[in-house]
Amino acid sequence: MGLGVDLQCHVAVCGVDNNPTRLLASRTFRRLGVPVVFTAVSADAHHGYVFVQDVGGPCFGCVFPDAIDSDTYPCPGTPAIADILQLVGSVAVYAIDSCLMPRPRNWSYREVFLSDGFWDRSLRLEPKDGCLVCEMMSGPNGPNPQVVSPRTSDDSGV
Ligand SMILES: [Zn+2]
């Protein structure tokens, strides 16, 4: 982004290990009107998530308000663990497809837990009032996320 590369695209994917870059991607592609698929896994490789910043939907700062003041780079050199990466990767590919073609997706945030019996959770999020990133992008009346309808894996037939 800092190199001035043409960033026009139909969907962006952000799979970095730090919040400053995620927030930069959030703001940059929001400005361009491009959806962003964010992916992350925990350092212990038990948890991962995919968040889709749809055009007009909640931004990364809406969903992760604590990330706004974070300048940490949390990956401690942990080796990539194939099982969680493959699982999160498959959810991300589905999310990308849903941004490019009419594949149904009624969630914007989906997380998976390998160490838990309740291994999957999906949420449909909305912009959150008071999000500093949204306010920065569109002024004090800009959009911000709140959980609208938690969804379980039982209604995953969409
Ligand atoms: Zn926001």
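Before moving on, here are some points about what is shown:
Conditions (1) over 22 Å from residue 112 (Cα atoms); (2) in a loop (DSSP other than H, G, I, E, B); (3) in contact with an Asp or Glu (Cβ under 8 Å, 6 or more places away or on another chain), marked per residue:
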{"site": "17", "(1), (2), (3)": "no, yes, no"}
{"site": "20", "(1), (2), (3)": "yes, no, yes"}
{"site": "34", "(1), (2), (3)": "yes, yes, no"}
{"site": "43", "(1), (2), (3)": "no, yes, no"}
{"site": "51", "(1), (2), (3)": "no, no, no"}
{"site": "55", "(1), (2), (3)": "yes, yes, no"}
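- Cross-chain or 6+ apart pairs with Cβ under 7 Å, the range 13-39 first and within 14 Å of residue 57 (Cα to Cα), then among the aromatic types (Phe, Trp, Tyr): 26/60; 36/29; 38/51; 38/60
- Inter-residue pairs, beta-carbon under 9 Å, first closer than 9 Å to residue 23 by Cβ and among the small types (Gly, Ala, Ser) and in the range 58-74, second assigned to a loop (DSSP other than H, G, I, E, B) and more than 8 Å from the ligand (Cβ to nearest atom), 6+ apart: 61/68; 70/18; 70/64
- Cβ pairs under 7 Å, 6+ apart, first in the range 100-118 and surrounded by fewer than 17 Cβ atoms within 10 Å (Cβ to Cβ), second among the acidic types (Asp, Glu): 103/97; 114/83
Laboratory data are not the source of any read-out in this text; all were calculated from the coordinates shown. What you see is a predicted model; the values in this text were computed from it and never measured. Backbone-built Cβ (ideal geometry, glycine too); neighbour counts: all protein chains shown.
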